[in-house]
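Engineer: Before I ask anything, let me first share the structure, which is written out below as structure tokens.
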Amino acid sequence: MAFFRNRTVNLLNLHYGIHSIALTGGGAFFSAYLLRAGVSVPLVLVSLASIFLGRLLIRPAVVPLAVRFGVRALVIAGTCMSAMQYPLLAFVHGVGPALFVLCAVSSAGDTLYWSTYHAYFAALGEGEYRGHHVGAREAIAATVGVVSPLLTGFALVRFGPFVAFGVTGFVLLVGALPLFATPDVRVKPQVPGAFRASLSGIKLFLCDGWIVGTGYVVWQIALFVSLDENFLHFGGALALAALVGAVAGMFLGRTIDSGHGTRMTAFALGSFACLIVLRAAAIREPLLAVAANALASVGSCLYAPTLMTAVYNQAQCAPCTLRFHVATEGGWDVGCASGLLIAALLVSLGTPFPPVLLLPLLGLAAAFVQLRRYYAGIPATP
């Protein structure tokens, strides 16, 4: 099966599956817990924006470190450093020193991890089966996401944040283990033309950052508020969404690898746009919001392979995959931070959630234009 034919990619997906247990568990409750810890909605959004702006400032250090230590070492280090943020989250009580330290550690860990992980995945995968690989990865993440938010919500209620987020950090550390069995990727000290080759990816990730900031982070906060800030109900809503979206990524990945990316771009992003509008319309009614959240997970699972197949293939063709992803992740940081800051401004001015939840449509429209242009250049196979 093309989904699992590459041993190295299988190990990377095993790592990502374990990593996703933490992301869909403690990570999904990051914003929700800040709200319950006494941080207002606008300040939660500003805090998250500061994390992404911090990543942008730290990012130039990634390439020199990778030249010296290799990409695999930085993925492992980023995984371990990211694990530290979750125990710190339990110490936050309103706006204060604990929140500032949390933002700083999150910036450093996320910068090391995401820049190097994407470059690592792009360098070790096979371009002709990229959609299959990304689809399998997203399906694994969605599958573990069925159980993880339920367990985290229960742990927060039953045992408190120190246990719940402590377990999240431990799971992230375990997720680093499969990486020790993967080959290293070395980085050249100088690569002419690397930034120029990244421009298309930067623009795509700028759009994606905006979509994630306004369409995922803001939505999760709105959903948590709609559910009366109940951890158990929120975890159940996330689990239902993961269950509904678990197989969508596998379907689209196969279609993309068959050379039908243009058609699937229209389907995936068009569906996602309709579901974003549905979420905005449903947010005032908790049950409708939960149902809309579940349906939107299908759109998200369709969207992710469409985007990442294009980005990974461009990265593999670039002079340096790491420099490509350091640059594109910088675009993502700018898009996400700007979207969060605009959302924070609108909420602080008294704007209700429904119009704020329509902001991701701007990013989707821009991403559609770019992805359609990319896939139009790839011939379809019978």
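Engineer: Which value in nm describes the separation of the simple spin-label points at E285 and F162, placed 7 Å from the Cα toward the beta carbon?
Structural biologist: Label-label distance for E285 and F162, simple model: 4.3 nm.
Engineer: In units of 2.2 N^0.38 Å, what is the alpha-carbon radius of gyration of region 277-330? Walk me through the intermediate numbers first.
Structural biologist: Working: Rg = 16.9 Å, N = 54, 2.2 N^0.38 = 10.0 Å.
It is 1.69.
Engineer: Between A104 and A365, what is the label-point separation in nm under the 7 Å Cα-to-beta-carbon projection?
Structural biologist: Calculated label separation equals 4.1 nm.
Engineer: Pop a pseudo-label 7 angstrom from the Cα along the beta-carbon direction at both D184 and V67 and give the gap in nm to one decimal.
Structural biologist: Calculated label separation equals 1.6 nm.
Engineer: I've got another one for you. So I have (i) -0.27, -0.46; (ii) -0.35, -0.56; (iii) -0.31, -0.52, and one of them is log10 I(q)/I(0) by the Debye sum over Cα atoms at q = 0.07, 0.09 Å⁻¹ calculated from this model. Which one is it?
Structural biologist: (i)
Engineer: Per residue of the chain, what 222 nm ellipticity follows from adding -39500 (n - 2.57) for every DSSP H run with n ≥ 4, rounded to the nearest 500?
Structural biologist: Working: 17 runs with 293 residues, N = 382.
The helix contribution divided over the chain gives -26000 deg cm²/dmol.
Engineer: Given contacts defined as C-alpha pairs under 8 Å and at least six residues apart, what's the relative contact order of the chain, whole-number percent? Please report the intermediate quantities before stating the final value.
Structural biologist: Working: 678 pairs, mean separation 109.2, N = 382.
29 percent.
Engineer: Trypsin sites (Lys or Arg not before Pro) within region 1-70: which are DSSP loop residues with at most 12 other Cβ atoms inside 10 Å? Kindly include the intermediate steps, with their values, before the conclusion.
Structural biologist: Details: sites: R5, R7, R36, R55, R68; in loops: R5.
Within region 1-70, the qualifying trypsin sites (Lys or Arg not before Pro) (loop, at most 12 other Cβ atoms within 10 Å) are R5.
Engineer: A further question follows. Can you tell which of T79, A49, A98 lies farthest toward the positive end of the dipole of the chain, using +1 and -1 charges on the Cβ of basic and acidic side chains (Lys, Arg; Asp, Glu)?
Structural biologist: Farthest towards the positive pole: T79.
Engineer: Given contacts defined as C-alpha pairs under 8 Å and at least six residues apart, what's the relative contact order of region 1-112, whole-number percent?
Structural biologist: Numbers: 80 pairs, mean separation 36.4, N = 112.
Contact order relative to length: 32 percent.
Engineer: Still on this model: Determine ³J(HN,Hα), in whole Hz, for all residues of region 319-331 in sequence, where each value follows from phi through the Karplus function 6.51 cos²θ - 1.76 cosθ + 1.60 and θ = phi - 60°; x replaces Gly and Pro.
Structural biologist: Using θ = phi - 60°, the values come out as x, 8, 5, 5, 4, 4, 6, 4, 5, 5, 5, x, x Hz.
Engineer: Counting other C-beta atoms within 10 Å, which of M264, M81, M308 has the fewest, and how do the rest follow?
Structural biologist: M81, M264, M308
Engineer: For the chain, with only Lys/Arg (+1) and Asp/Glu (-1) charged at the beta-carbon, what is the dipole magnitude about the Cα centre, in debye rounded to 20? Working shown, then result.
Structural biologist: On the way: 21 positive and 12 negative charges, 146 e Å.
Around 700 debye, computed over the chain.
Engineer: Calculate one ³J(HN,Hα) per residue across region 341-352 by plugging θ = phi - 60° into the Karplus curve 6.51 cos²θ - 1.76 cosθ + 1.60, and present them in order as whole Hz with x for glycine and proline.
Structural biologist: 5, 5, 4, 4, 4, 5, 5, 5, 7, x, 5, x
Engineer: Moving on to the next point. Would you order V46, V218, V225 from fewest to most other beta-carbon atoms within 10 Å of each residue's own beta-carbon?
Structural biologist: Listed from fewest to most nearby Cβ atoms, that is V225, V46, V218.
Every number in this text was worked out from the coordinates using simple rules, so none of it is lab data. The model shown is predicted, which means the values in this text are computed figures rather than measured ones. Neighbour counts are summed over all protein chains in view; Cβ atoms, including those assigned to glycine, are modelled from backbone coordinates with ideal geometry.
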